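Before I ask anything, here is the structure I am working with.
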Amino acid sequence: MPPTLGLPGDDVKDRFALSSAQLGITAAPPACLRAASIRAVTDLRRLQYFVAVAQERNFTRAAERLHVAQPALSRQVRLLEQELGVELLHRTTHEFELTEAGQFLLERGPALLSAADELWRTAATYGTGERGQVVVAYGASASYETAPRLLHALAETHPGIAITTAIKSVGEIVAGMIDGSIDLGLVRCPPHEVGLEARTIRRERQGLVLRRDHRLASCAAVSLVEMANEPLLLHPREANPGHYDAVLELCREQDVEPRVRLRALSFDLTYGPIQRAEAVAIIGESSRLDLPEELCWRPLAPPVVFDVSLLARSHSRSPAVDRMLEAATGIADALGWI
């Protein structure tokens, strides 16, 4: 390590640590020592120039390699020596030799320059969105197929972005996006919220879930009129106002006044009331993948689709979020969702 304030760097740190320990405190070295260390590495260009000279063993060749004028190169090397307070090159009339300090710097300098270059390049990728952290939340209905397939594809195409996921209600997703704890929300029938924008990533066909021995189970498709007298299992409106309203509007467009039965459980994989022949439910096509054996899904006729969208803040979002938004649209298109 280069000398610091006239003492070897390790010696300075050891003495400071000893005095701190004697006082019973844990503290960083004094600001003057930290500043001296920082000043010693403020201009990596000078180190780059010195390494080129040391490797080429010739100022002219080093200047050509660096595309700089030789006088400027010589001046920067001298400034580096002044900065470190040690001679790096032992100069004669026509040539030079590396001093012990110069040889040490040549041995360690290239690795430092390479690490600094990698550090700079990596830091820049956060600005382009190639790296970053993104928190994605989605509702239970998206957990069957939409969220897993979308997030898997995003992780594959954006390996530098760390994706954290959570299953939450629509209200929790919106609140988290507003307070900044959630970056993206995957929601069916998204709400219209000031400060948030929605991008449709799936137009999902809707169908009826019913028992396999139900009178409509043998139909290839079911109309809303045919199920008009059936109790309709639906979550409370506050769980997802957009979806609740969309289902009721859909029924009323067909002159059907639904007999709504509210779900007692927010997440019921067994569809208990349907298995007990107490109700039917309208759900998206992806949800049929994990239906209990006793139940079946039949598409609505004429076909009905509900939007599944990615919610994002309209402003103050990271480049990584922008990248994922753009990529999600392409992935959805490739999957045939939109």
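Hey, any hits in the stretch 162-172 for a residue that's touching a residue at least 12 places away in the same chain (Cβ under 8 Å) and touching a Lys or Arg at 6+ places or on another chain (Cβ under 7 Å)?
no
Take the residues in the stretch 255-274 that are surrounded by fewer than 15 Cβ atoms within 10 Å (Cβ to Cβ) and over 31 Å from the mean Cα position of the chain (by Cα), then tell me which one is farthest from Cys296 (Cα to Cα).
Here the residue is Asp255.
Take Pro231 and tell me if it is farther than 15 Å from Gly284 by Cβ and touching a Phe, Trp or Tyr at 6+ places or on another chain (Cβ under 9 Å).
So Pro231 does not fit the description; no.
Being on the phi > 0 side of the Ramachandran plot and touching a helix residue (DSSP H, G or I) at 6+ places or on another chain (Cβ under 6 Å) is the filter here, so list the residues in the stretch 165-224 that pass it.
Cys189
Looking at this structure, is Ser181 touching a residue at least 40 places away in the same chain (Cβ under 8 Å), touching a strand residue (DSSP E or B) at 6+ places or on another chain (Cβ under 9 Å), under 23 Å from Arg298 (Cα atoms) and of a type in the set (Gly, Ala, Ser)?
no
Quick one: count up the residues across the stretch 221-244 that are loosely packed, with under 13 Cβ neighbours inside 10 Å and part of a helix (DSSP H, G or I).
2
Among all residue pairs at least 6 apart or on different chains, which show Cβ distances below 8 Å where the first residue, located in the stretch 67-87, is outside the structural domain of Arg45 (by TED's automatic domain parsing) and the second is surrounded by fewer than 16 Cβ atoms within 10 Å (Cβ to Cβ)?
none
The values are calculated or read from the model by the stated rules, or taken from the named source; none is laboratory data. The structure displayed is predicted, hence computed values, not measured ones. We place every Cβ from the backbone using ideal geometry, glycine too, and count neighbours over all the protein chains shown.
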